[in-house]
Every structure is written in C-alpha cells, then in structure tokens.
Amino acid sequence: MNLTFEIAGPSCDLALHPISEKTAQRIREQGRDIYKQKYLSWWRKGNTATYGMRFGDDSNVRVLTNDTPVKFDESLITRDVIEIRRRLYLNSKAKFLAVLGFDDEYCKFQWMWHDVKDFDPTLFSFSVQRWDRVMGEPNYFVIDNVMYDGRWADEEDWCDPSGFTLIDPIVIDLKTVRQDVEREQRAKN
C-alpha cells in the first residue's frame, strides 16, 4: 500500500546566528530594513537554520493509506523533539545572536512511502525542532523530516506555498542568557 503523511499550515525558514556587537546594534536600529542588506542571503546559511513545517494549533495533519484517511495520534509528532536553545553558543566568544527569517508561509507538505506492508502509526519517526526559548513562544515546533519504519519517504511534495512575511529580527544578548543560566544553576545547588 501507499502511505502518506500530510501537514498543512504555516511553514518556516529561520536561522539563529552569532553576530558582532556592531551588527546587533545595526539590527536594533534598522529592524526589518536589515533584510534589504546582505543579510537576506546570509540568514539562510549556517548550521543553526531550520526549514520545515510548524506544528501547532494552525496545523492540519492527515495520514492516508492508499488515499484513505486513517486515525493518527498527533502527540507522536512531538514524542522526540530536539531543543534548539540559545545555550548553543554559551561557551563560545559570541556576545549576541540574531534570529532572522519567516514563519508564516501557509502551504502543505507530504511525505509518501510506497509498498508499505502494514500500517502502524508508532513506526513514524519525526525530526522535530523546538524553538520555544529562541522565539519566546511556548510549543514552537518545526517538523524537518518524517520517516516511516526507518525509511525515508519515497516522495516528498511541497504544495501550494502562499508567500511569507519576514519576521522582525530578534537580537539575543548572550550576556543576559549566561546570567540567567548562572542563576538557574545557583538555585539548583
């Protein structure tokens, strides 16, 4: 049988980058106008970028076997999330981080597997990043990829993108984050 996992809702393309004090100041001064400069192509580069489907109240998830919808427990999607944290750079020399990109492009993404013998929803595994602490919003989940029974999808389809609005750039002062972490550690001891 053919198996399809489909999610419709907002997609995102976000990046978290270490920046200099000078760049942090420029972003604070220029806000959204910063995208008109070199940063439009820069924000998509690096190891801390994510491009995927947001999963939350605005998402519509469907699972189909041979084009027939089947029951699916959506809590499986957030079973094994990877937490993206500002702490990533705490031991570095970085002083500031910038979050740039978009998170509001409405579209649909489908992962499809062919020749599935038996359907078992627990055999799905999801690559999901959690950006709560970076974005300052609870339950900020981004689905990067989906596997079924250890298999990558035979087909992937990005459908009906509707356009997006770039977010207001976020500047994170790592000195403040380091102080918060230090307070948390003292409180535990």
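The values are calculated or read from the model by the stated rules, or taken from the named source; none is laboratory data. No experiment lies behind these values; they were computed from the predicted model shown. Every residue, glycine among them, receives a Cβ derived from its backbone with ideal geometry; neighbour counts consider all protein chains shown. With ligands, DNA and RNA removed, areas are computed over all heavy atoms of the protein, side chains included. Shrake-Rupley method; radii C 1.70, N 1.55, O 1.52, S 1.80 Å.
For the chain, the fraction of alpha-carbon pairs lying more than 28 Å apart is 35 percent, rounded to a whole number. The long axis of helix 174-188 is offset from the longest Cα principal axis of the chain by roughly 80 degrees. Each Lys and Arg contributes +1 and each Asp and Glu -1, all at the Cβ; summed about the Cα centre of segment 3-188, the dipole is approximately 1560 debye.
Annotation: aspartates and glutamates with alpha-carbon distance below 15 angstrom to Lys71 (same-chain offsets under eight excluded): Glu6, Asp118, Asp120. Using only Cα atoms, tell me the angle between helix 21-30 and the longest principal axis of the chain; keep it within 0 to 90° and round to the nearest 10. Rounded to the nearest ten degrees, it is 70. Note that segment 70-189 presents 58 Å² accessible area per residue, ligands and nucleic acids not counted, probe 1.4 Å.
Model label sites at Ile82 and Gln179, defined 7 Å from Cα along the beta-carbon direction, differ in position by 3.2 nm.
Suppose R0 equals 35 Å. What FRET efficiency, 1/(1 + (r/R0)^6) with r the Cβ-Cβ distance, do Val70 and Arg133 give to the nearest 0.05? Mind dumping the intermediate values first?
Working: r = 35 Å, r/R0 = 0.99.
In this case the efficiency is close to 0.50.
Going by Cα centres, segment 53-80 and segment 151-189 are how many Å apart? Taking the Cα centre of each part, segment 53-80 and segment 151-189 sit 22 Å apart. Of the residues Thr68, Trp111, Ala187, the one whose Cα sits farthest towards the positive end of the charge dipole of segment 3-188 is Ala187 (charges of +1 on Lys and Arg Cβ, -1 on Asp and Glu Cβ, taken about the Cα centre).
For Asp57 and Asn145, the difference between the fully extended length at 0.36 nm per residue and the C-alpha to C-alpha distance is 29.8 nm. Heavy-atom surface analysis with a 1.4 Å probe gives the chain a carbon and sulfur content of 45 percent of its accessible area.
Tell me which aspartates and glutamates have Cα within less than 18 Å of Lys188's Cα, excluding those fewer than 8 residues away on the same chain? Reachable aspartates and glutamates: Asp180.
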